[in-house]
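Peer 1: This is the structure, below, for whatever I ask next.
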Amino acid sequence: MVIVRIQKIILGKFTAEHIKKHCVTTQEAEKVIYSDAVTLEGHSGKKILVNKVGERILSVIVKIAGNKLTVITARDADKTERQEYYEKIKKTS
């Protein structure tokens, strides 16, 4: 396991507008980022942070470079992400 100390989170205006199209607020995305989220491997070195926010299970796709975390997008978790989320939280319970 590699531990990365994030010192800067980048969630720009364009990304904020983009995630609105998925009916996710920046506050919801930040809750996932700052929580003890399940981390999955995404495409091209990206990470998928998955956690429950309210009644929804959200996925926040991020790119980590050095000590910076850049939010690419956020949306409701798909079926595979939800299954992996439930499997991992079941193991830690």
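The values are calculated or read from the model by the stated rules, or taken from the named source; none is laboratory data. Bear in mind the structure is a predicted one, so any value in this text is a computation, not a measurement. Heads up, the Cβs are rebuilt from the backbone with ideal geometry, glycines too, and the neighbour counts pull from every protein chain shown. Quick note on the areas: whole protein, heavy atoms, side chains included, nothing else; ligands and nucleic acids left out. Shrake-Rupley method; radii C 1.70, N 1.55, O 1.52, S 1.80 Å.
Peer 1: Of the residues in region 63-83, how many are assigned to a strand (DSSP E or B) and farther than 14 Å from I10 by Cα?
Peer 2: Of the residues in region 63-83, 2 are assigned to a strand (DSSP E or B) and farther than 14 Å from I10 by Cα.
Peer 1: When you check V71 against the structure, is it touching a residue at least 60 places away in the same chain (Cβ under 8 Å) and surrounded by 13 or more Cβ atoms within 10 Å (Cβ to Cβ), yes or no?
Peer 2: yes
Peer 1: Next up: Can you say whether T39 is under 20 Å from K90 (Cα atoms) and either in contact with a strand residue (DSSP E or B) (Cβ under 6 Å, 6 or more places away or on another chain) or part of a loop (DSSP other than H, G, I, E, B) (or both), as far as the supplied structure shows?
Peer 2: yes
Peer 1: Hey, another quick one. Report yes if V60 is outside any strand (DSSP E or B) and buried (at least 18 other Cβ atoms within 10 Å of the Cβ), otherwise no.
Peer 2: no
Peer 1: Could you list, in sequence order, all residues of region 1-39 that are among the polar types (S, T, N, Q) and either over 16 Å from E81 (Cβ atoms) or open to solvent by 50 Å² or more (accessible area, probe 1.4 Å) (or both)?
Peer 2: Q7, T15, T25, T26, Q27, T39
Peer 1: Any idea how many residues of region 6-50 are in contact with a Lys or Arg (Cβ under 6 Å, 6 or more places away or on another chain), at pLDDT below 95 and over 15 Å from A65 (Cβ atoms)?
Peer 2: Selection size over region 6-50: 2.
Peer 1: Another question about this same structure. Does E17 qualify as being in contact (Cβ under 8 Å) with a residue 12 or more places away in the chain, charged (D, E, K, R) and either over 20 Å from K90 (Cβ atoms) or assigned to a helix (DSSP H, G or I) (or both)?
Peer 2: Taking the combined requirement at face value, the residue does not satisfy it.
Peer 1: Let me ask something else about it. Would you check which residues across region 40-53 are surrounded by 15 or more Cβ atoms within 10 Å (Cβ to Cβ) and out of contact with any helix residue (DSSP H, G or I) (no Cβ under 9 Å at 6 or more places or on another chain) and list them?
Peer 2: The answer is G42, K46, K47.
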